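What follows is a set of notes on a single structure, which appears directly below.
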Amino acid sequence: MASLPPSLSTSPSLGGPPPSSPAAAAGTAAQGTKDRKMASAEQLVLDLCDPELRENALLDLSKKREIFQDLAPLLWNSYGTIAALLQEIVSIYPALSPPTLSPGASNRVCNALALLQCVASHPDTRILFLNAHIPLYLYPFLNTTSKTRPFEYLRLTSLGVIGALVKVDDTEVISFLLQTEIIPLCLRTMEMGSELSKTVATFIVQKILLDDVGLRYICATPERFFAVGSVLANMVVSLAEQPSTRLLKHIIRCYLRLSDNPRACGALQTCLPEMLKDGTFNNCLRDDPATRRWLQQLLHNVSGGNLVASLHAGLDHMMAN
């Protein structure tokens with residue numbers, strides 16, 4: 001039989017493969033990479049349920065959780081996986097009091113907490129996570145007082161899970177946290193934690209205050225208001241000695257939100273720290289115009305325009321020099 005002309009033998013219309021474009025090849029390669037990553041994630045999730053493989057699976061998944069798409073639904077919907085993570089958490093409770101938590105045990109449970117943070121962050125699993133009351137398993141870690149690194153790391157990672165919940169403005173989340181007494185636990189960390197854990201705890205309190213339900217709750221009784229106010233004031237004093245712009249930013253935002261409540265605003269006229277009024281933090285806020293505006297608005301709300309004008313003049317003088 002005579003062979004077909006080359007133009008016909010390679011024609012797509014007669015059943016030959018179409019020529020591949022660079023874009024198509026890249027798309028196929030990307031899909032292949034995605035499939036391999038998903039298969040890898042699925043295997044690691046399965047390994048979580050095997051006690052002998054769990055430690056390595058926790059480490060690998062926590063390191064790679066950003067590259068695994070939809071890891072949170074996979075964790076939540078895989079049989080026994082959440083139970084395995086909770087088992088990791090509960091297993092170290094005996095090491096909390098007396099404080100005997102080792103660095104290795106702390107790292108392992110923090111890897112489990114990192115996966116729970118992934119679940120708390122995902123829109124498809126956040127409310128399911130909340131409805132299962134899983135944050136309550138973390139509260140014992142926030143109630144610790146040891147300042148050793150294993151405990152500090154444990155507190156910080158636990159706060160990260162709560163912080164993931166409050167990042168999305170959701171009154172249901174705020175109501176749950178208030179009903180389960182998260183405020184005292186955050187205040188404890190704000191008093192004795194490292195700068196980073198203080199910052200995350202203050203951020204959580206800030207997000208609670210920014211919700212109307214949270215503001216009403218904290219301002220409902222003098223005891224609640226002064227519990228929050230006194231911790232904020234003590235932190236301001238500490239920052240005068242060891243400045244932290246990011247922590248100061250959250251403190252000022254908390255005060256500004258409190259000033260939206262008439263009774264709290266009246267109380268702040270006498271209990272707002274002088275260091276926020278006298279320019280102590282002018283240099284700290286030099287490159288943060290948003291926080292400077294918050295401070296000016298706070299002082300306007302609490303004391304009227306004269307104090308704000310004085311502080312503003314001081315900032316302008318400093319910037320000019």
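Given the range 206-283, what helices (runs of 4 or more DSSP H) lie entirely inside it while holding 1 or more residues that are open to solvent by less than 10 Å² (accessible area, probe 1.4 Å), closer than 15 Å to Met190 by Cβ and hydroxyl-bearing (Ser, Thr, Tyr)?
245-258
Please state which of the following conditions Leu159 fails to meet, knowing it meets all the rest: (1) open to solvent by 30 Å² or more (accessible area, probe 1.4 Å); (2) under 29 Å from Asp70 (Cα atoms).
Leu159 satisfies all of (1) open to solvent by 30 Å² or more (accessible area, probe 1.4 Å); (2) under 29 Å from Asp70 (Cα atoms) except (1).
Take Phe225 and decide whether it is within 24 Å of Cys118 (Cα to Cα) and touching a Leu at 6+ places or on another chain (Cβ under 9 Å).
no
Could you count how many residues in the range 168-181 are in a helix (DSSP H, G or I), closer than 25 Å to Tyr153 by Cα and touching a residue at least 40 places away in the same chain (Cβ under 8 Å)?
Summing the residues that are in a helix (DSSP H, G or I), closer than 25 Å to Tyr153 by Cα and touching a residue at least 40 places away in the same chain (Cβ under 8 Å) in the range 168-181 gives 4.
One line per residue, one yes/no per condition, for (1) buried (at least 19 other Cβ atoms within 10 Å of the Cβ); (2) closer than 22 Å to Val231 by Cα; (3) β-branched (Val, Ile, Thr):
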residue	(1), (2), (3)
Glu88	yes, no, no
Ser121	yes, no, no
Asp124	no, no, no
Phe129	yes, no, no
His133	no, no, no
Arg155	yes, yes, no
Asp169	no, no, no
Ile182	yes, yes, yes
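Which numbered condition in (1) of a type in the set (D, E, K, R); (2) within 23 Å of Ser121 (Cβ to Cβ); (3) surrounded by fewer than 23 Cβ atoms within 10 Å (Cβ to Cβ) is the only one that Glu195 fails?
(2)
Is there any pair linking a residue in the range 259-276 that is over 21 Å from Ser238 (Cβ atoms) to one that is among the small types (Gly, Ala, Ser), with Cβ under 8 Å and at least six apart or on different chains, and which?
Cys265/Ser259; Ala267/Gly229; Gln269/Ser303
When both residues are 6+ apart or on different chains and their Cβ atoms are under 8 Å apart, which pairs have a first residue that lies in the range 58-79 and is more than 18 Å from Phe129 (Cβ to Cβ), and a second that is open to solvent by 90 Å² or more (accessible area, probe 1.4 Å) and among the basic types (Lys, Arg)?
These pairs meet every condition: Gln69/Lys34.
Could you identify the single residue in Pro184, Pro150, Pro135, Pro123 that is farther than 20 Å from Ala95 by Cβ and over 16 Å from the mean Cα position of the chain (by Cα)?
On inspection, the qualifying residue turns out to be Pro184.
Between residues in the range 185-212 that are within 16 Å of Ser175 (Cα to Cα) and residues that are hydroxyl-bearing (Ser, Thr, Tyr) and in a helix (DSSP H, G or I), which pairs lie under 7 Å by C-beta distance while being six or more apart or on different chains?
That search, which allows pairs on different chains as well, returns Leu185/Tyr139; Asp211/Thr171.
The values are calculated or read from the model by the stated rules, or taken from the named source; none is laboratory data. None of these values were measured; they are calculated from a predicted model. As a convention, Cβ positions derive from the backbone with ideal geometry for all residues, glycine included, and neighbour counts pool all protein chains shown. Side chains included, ligands, DNA and RNA excluded: accessible areas come from the protein's heavy atoms. Shrake-Rupley method; radii C 1.70, N 1.55, O 1.52, S 1.80 Å.
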